[in-house]
Amino acid sequence: MATMATQDIVDGEYSEEEPSQQTNAWGRLLPLGTSFIAMDLVADCYTFGRGEECDVPFSTHAAKTHQCFQAYSKVHFKLYKQQSNSGTHIVLEDTSSNGTFINGDKVGKGKKQVLNNNDEIALAMKKNKAYVFMDLNANEDANLPLELTEKYTLTRVLGRGACGEVRLAFVKGSCEKLACKIISKKKFSMGGKSQVNLAAQVMGEVKILKSLKHPCIIGIEDVIDTPDMLYIILELVEGGELFDKVVSIDKYDEQTAKLLFYQMATAVKYLHDKGITHRDLKPENILLASDDLETLIKVTDFGLSKFVDAGSMMKTFCGTPTYLAPEILLTAGNGAYTKAIDCWSLGVILFIMLSGYPPFSDERQDMDLPKQIMGGHYTFPPQYWKGVSETAIDLMKKMMVVDPKKRLTFADVLNHPWLKDEEMKAKANALMYPNSDGMVPPKVPLAKRKATVDGDGPEQKRKSSSDTNTPPETP
């Protein structure tokens, strides 16, 4: 058992269709991995395990070839309805040797635990997630709009923040896992006027956001607008936030930080090339595809800046302005900003990755936080930075320049000497384009390149130089 993998189990796409709800069903299990299948619970008791005599035997090819299969007991757990004076409860009984987990907590062999709506069940190890349980009598989602529930089944809460909550969603008919960000428009009302406004012209922005295709940018699958709420259906990434990772490991070594930062920079440049400024870059908005140190990253929440004005964003989203550019603080969020604000924020993120602490802090006694940021008062104390190269420090200094006109563009960032590292870029491309055998999709289609080559030579050289600084788009 000691040789088992400890990272989250990711089994790929889901082939098992979600069952059509039976009228007498009391619960539903939705799969969190392809080793398991979706099912409605109709009988009063079920047994689950690798034994063929179980009501639900783990006997599919996917289950038998799964790395945890031999760790499952013949009867791993039981699920049944229990009547009491206080009503009907759903009980999970752990009958396994290696453990059954509910929301990451081990039940224990021979022990029982009441199962609640949206609880997650894992087998043999807490990261080997098997099912999410839905109590079909809970009726917690009665207020969800029909246009959402017709297409998606929403289950447990994945996270909560100032903007609302994120819930795990399953596509009806395929059980594909997605994330649903739920934003209450009431939270962004100022002077009786809603700051979230998805009128017809803003839905045009939604169309642009949905069209974005980059391996380091969270895909927006759908947006559902109602008078009070906004539902954004997103690609699901399960490796956690960069913020939590830095906290858990203290700080990144320089080579790993460079690998992750390069992906962030290519993603933000892609957004800028599409006319989109993120405006809220912070470690919480950088998601990791896996628990590995060297992993694919995904930039998220870039779309919210299209629906919420900068003043509301600064007051509501950011809480502490640690990552905000000086020009936003100088005008209290009411000024006109350039894409340079993203360069500042990503410089702050790189600083934190390499040192484990922020460049600006409200714990500083001699100067308050806004003054630190607006004056660009940050340092690199040798005791914390002795292992970091001067080239990396040079890049941060050029990104965190108070005057936005003197700040680097992301083309400049990607062309900085610190990122001229072919070994790192090869690793990044393998993460971003895993099925390309090392070949990165070209920015310009061959037909257009031929037309350009037939033109004058110097112009072609200039175009080629520009191409090298531009992250490729996926086909």
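Checking Ile218 against (1) surrounded by fewer than 20 Cβ atoms within 10 Å (Cβ to Cβ); (2) at pLDDT below 95, which single condition isn't satisfied?
Only one criterion is unmet by Ile218, namely (1).
Which residues, counting only those in segment 201-215, are in contact (Cβ under 8 Å) with a residue 40 or more places away in the chain and open to solvent by 40 Å² or more (accessible area, probe 1.4 Å)?
Glu205, Ile208, Lys213
Going by what's in this entry, would Asp342 be described as modelled with pLDDT of 85 or more, buried (at least 21 other Cβ atoms within 10 Å of the Cβ) and among the charged types (D, E, K, R)?
yes
Residues in segment 118-155 that are open to solvent by 50 Å² or more (accessible area, probe 1.4 Å), among the charged types (D, E, K, R) and either free of Cβ contacts under 8 Å to residues at least 12 places away in the same chain or within 26 Å of Pro283 (Cβ to Cβ) (or both): how many?
Within segment 118-155, residues that are open to solvent by 50 Å² or more (accessible area, probe 1.4 Å), among the charged types (D, E, K, R) and either free of Cβ contacts under 8 Å to residues at least 12 places away in the same chain or within 26 Å of Pro283 (Cβ to Cβ) (or both) number 3.
Is there a residue in segment 443-463 that is open to solvent by 40 Å² or more (accessible area, probe 1.4 Å), out of contact with any helix residue (DSSP H, G or I) (no Cβ under 8 Å at 6 or more places or on another chain), in a loop (DSSP other than H, G, I, E, B) and at pLDDT 95 or above?
No, segment 443-463 has no match at all.
Working carefully through the options Phe58, Phe48, find the one that is among the hydrophobic types (A, V, I, L, M, F, W, C) and touching a helix residue (DSSP H, G or I) at 6+ places or on another chain (Cβ under 9 Å).
Details: Phe48 fails: touching a helix residue (DSSP H, G or I) at 6+ places or on another chain (Cβ under 9 Å).
After applying the criteria, what remains is Phe58.
Would you check which residues across segment 378-392 are crowded, with 16+ Cβ neighbours inside 10 Å and in a loop (DSSP other than H, G, I, E, B) and list them?
Correct list: Tyr378, Phe380, Val388.
Among the numbered conditions (1) more than 30 Å from Ser184 (Cα to Cα); (2) modelled with pLDDT of 90 or more; (3) in contact with a strand residue (DSSP E or B) (Cβ under 8 Å, 6 or more places away or on another chain), tell me where Thr88 comes up short.
The one condition Thr88 does not meet is (2).
For segment 268-294, enumerate the residues that are surrounded by fewer than 21 Cβ atoms within 10 Å (Cβ to Cβ) and either touching a Cys at 6+ places or on another chain (Cβ under 7 Å) or β-branched (Val, Ile, Thr) (or both).
The answer is Thr277, and nothing else.
Only residues that are hydrophobic (A, V, I, L, M, F, W, C), out of contact with any helix residue (DSSP H, G or I) (no Cβ under 6 Å at 6 or more places or on another chain) and surrounded by fewer than 23 Cβ atoms within 10 Å (Cβ to Cβ): list them for segment 247-263, please.
Hits for segment 247-263 are Val247, Ile249.
Does segment 322-336 contain at least one residue that is in contact with a helix residue (DSSP H, G or I) (Cβ under 7 Å, 6 or more places away or on another chain), modelled with pLDDT under 80 and either of a type in the set (Ser, Thr, Tyr) or closer than 26 Å to Tyr252 by Cβ (or both)?
Checked segment 322-336: no residue is in contact with a helix residue (DSSP H, G or I) (Cβ under 7 Å, 6 or more places away or on another chain), modelled with pLDDT under 80 and either of a type in the set (Ser, Thr, Tyr) or closer than 26 Å to Tyr252 by Cβ (or both).
From (1) in a helix (DSSP H, G or I); (2) open to solvent by less than 40 Å² (accessible area, probe 1.4 Å), pick out the condition that doesn't hold for Asp412.
(2)
With Phe302, Phe261 as the choices, which residue is under 10 Å from Asp342 (Cβ atoms), among the hydrophobic types (A, V, I, L, M, F, W, C) and in contact (Cβ under 8 Å) with a residue 12 or more places away in the chain?
Step by step, each of Phe302, Phe261 is checked, and only Phe302 is under 10 Å from Asp342 (Cβ atoms), among the hydrophobic types (A, V, I, L, M, F, W, C) and in contact (Cβ under 8 Å) with a residue 12 or more places away in the chain.
Examine segment 229-237 for a residue that is assigned to a loop (DSSP other than H, G, I, E, B) and at pLDDT below 95, and state whether such a residue exists.
Within segment 229-237 (the criterion being assigned to a loop (DSSP other than H, G, I, E, B) and at pLDDT below 95), the answer is yes, since at least one residue qualifies.
Six or more apart or on different chains, Cβ under 6 Å: which pairs go from a residue in segment 103-117 that's within 14 Å of Tyr80 (Cβ to Cβ) to one that's open to solvent by less than 60 Å² (accessible area, probe 1.4 Å) and in a loop (DSSP other than H, G, I, E, B)? Could you list them?
Listed pairs, sorted by first residue: Gln113/Val107.
Given the conditions (1) in contact (Cβ under 8 Å) with a residue 60 or more places away in the chain; (2) of a type in the set (S, T, N, Q); (3) open to solvent by less than 70 Å² (accessible area, probe 1.4 Å), report the number of the one that Gln67 does not fulfil.
Among (1) in contact (Cβ under 8 Å) with a residue 60 or more places away in the chain; (2) of a type in the set (S, T, N, Q); (3) open to solvent by less than 70 Å² (accessible area, probe 1.4 Å), the lone unmet condition for Gln67 is (3).
Name every residue in segment 23-48 that is buried (at least 22 other Cβ atoms within 10 Å of the Cβ) and of a type in the set (Gly, Ala, Ser), in order of residue number.
Hits for segment 23-48 are Gly33, Ser35.
The values are calculated or read from the model by the stated rules, or taken from the named source; none is laboratory data. All values reported here derive from a predicted model rather than from experimental measurement. A quick note on method: Cβ atoms are made from the backbone with ideal geometry, for glycine too, and the neighbour counts reach across all protein chains shown. Ligands, DNA and RNA are excluded from the accessible area calculation, which covers all protein heavy atoms including side chains. Shrake-Rupley method; radii C 1.70, N 1.55, O 1.52, S 1.80 Å.
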